[in-house]
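Below: the structure, in structure tokens.
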Amino acid sequence: MRYCLALLPLLVPAPAWADYPVLLPPAVREMLEAAIANGNETEIATVAKIAKQTNPGSADEIQRMVNSWKERTKATRDTVIREARFTELWTGKVEAGGFRSTGSTSEIGISASAALKRSGLQWSHKLSASVDYRRANGVTSRERYTASYEPRYEFDPRGFAYGLTQFERDTSIGYDERYTASVGIGYKLVVSTPLDLSLDAGPSIRHAKYAIGARETKLGARASMDLAWRLAPTLVFKQVASGYAESDVYSINSLTSLETKVSTRWSAAMSYNVQYESETLLTARDFDTLSRLTLTYAF
């Protein structure tokens, strides 16, 4: 009887809540270490997830390995950014294609744009430029050029302050030149893997020179939104819009696009641009639309 009672603890299974340390099998550790050595975040997350499912007792150890990699990666990135010159760490893209315009005009033309961005620890800088040019039967029916510079300072993970300087030329509206300056505050409403959404607003000043030679300067308010919705690993829906309100003029510009990745650097996009100017010295106009099909190269 005593012999049976002595063996009883060995025969009764341990309760599920018992906390016994479990060593991570060498094969699983080597697989995770190989993924970490490759440095691909998606691959590391996938391997870690499978490792936790097959080795639940080692979940904490697996997570510690992943966290350690993230901390080392962040420390290295921060050091690189701190030591980099302003001319370094820029990324960008070039986009070109054709479009069909409806509204004030209805013709076929060429569209091109370029954007550069540099992201730091708190500061980011964005440069962008675009050209929409159409010429039919020897007559230029559309000539729109834009260029802008936007610095941004993130004072917390979601809040930021921005500045904006912008140049426009749009002969269809009657502007030879229009300069815009704005500063303001923004907030990232949604920050997640599938969806990013931010809003910003602030005062603005715009100076316009018309084709007839007249000039005017107006104070107003500016607001914008930036939405990116990752529908699939290679498919992104984007919505970028900005609006200006002045004493007697209202402007809206909205760009909706659907972008699909073709390869590591190449992607194709369909976009739909809506532009509205309540009135100018030369025209009182309605909404204009611009549809584009473009190829983009990222670098």
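Quick notes on this one:
- Neighbours of Val47, meaning other residues whose beta-carbon lies under 15 angstrom from its beta-carbon, give a summed charge of 0 when Lys and Arg score +1 and Asp and Glu score -1.
- Selection from Leu227, Ala84, Leu116, by position along the positive dipole direction of the chain (Cβ): Ala84
- Charge dipole of the chain about the Cα centre (unit charges at C-beta), most positive-ward option of Ala136, Pro203, Ala27: Ala27
- Taken along its three principal axes, the alpha carbon spread of the range 123-162 comes to 54, 13, 10 Å, from the longest extent down to the shortest.
- Simple point charges give the picture: +1 on the Cβ of Lys and Arg, -1 on the Cβ of Asp and Glu, and for the chain a dipole about the Cα centre of about 460 debye.
- Largest to smallest accessible area among Arg29, Arg135, Arg222 [probe 1.4 Å]: Arg135, Arg29, Arg222
- The angle between the Cα long axis of helix 41-54 and the longest principal axis of the Cα atoms of the chain comes to about 30 degrees, rounded to the nearest 10.
- Separation of alpha-carbon centers, the range 105-176 and the range 81-99, rounded to whole Å: 15 Å
- Cα-based helix-to-principal-axis angle, 2-11 vs the chain, degrees rounded to 10: 20 degrees
- Relative to the Cα centre, the charge distribution of the range 118-262, modelled as +1 at Lys and Arg Cβ and -1 at Asp and Glu Cβ, gives a dipole magnitude of about 300 debye.
- The chain has equivalent-ellipsoid semi-axes of 55, 21, 18 Å, by the square roots of 5 times the alpha carbon gyration tensor eigenvalues, sorted largest first.
- Part-to-part distance (alpha-carbon centres) for the range 203-222 and the range 238-252, which is given in Å: 14 Å
- Cβ crowding within 10 Å averaged over residues, with 50-60, 179-189 ranked highest first: 179-189, 50-60
- 15 Å Cα-Cα reach of Lys93 towards aspartates and glutamates, excluding residues that sit fewer than 8 places from it in its own chain: Glu259
The values are calculated or read from the model by the stated rules, or taken from the named source; none is laboratory data. Everything quoted here is computed from the prediction, not taken from an experiment. Positions of Cβ are generated from backbone atoms using ideal geometry, with glycine treated the same way; all protein chains shown enter the neighbour counts. Just so you know, the surface numbers come from the protein's heavy atoms only, side chains and all, with ligands and any DNA or RNA stripped out. Shrake-Rupley method; radii C 1.70, N 1.55, O 1.52, S 1.80 Å.
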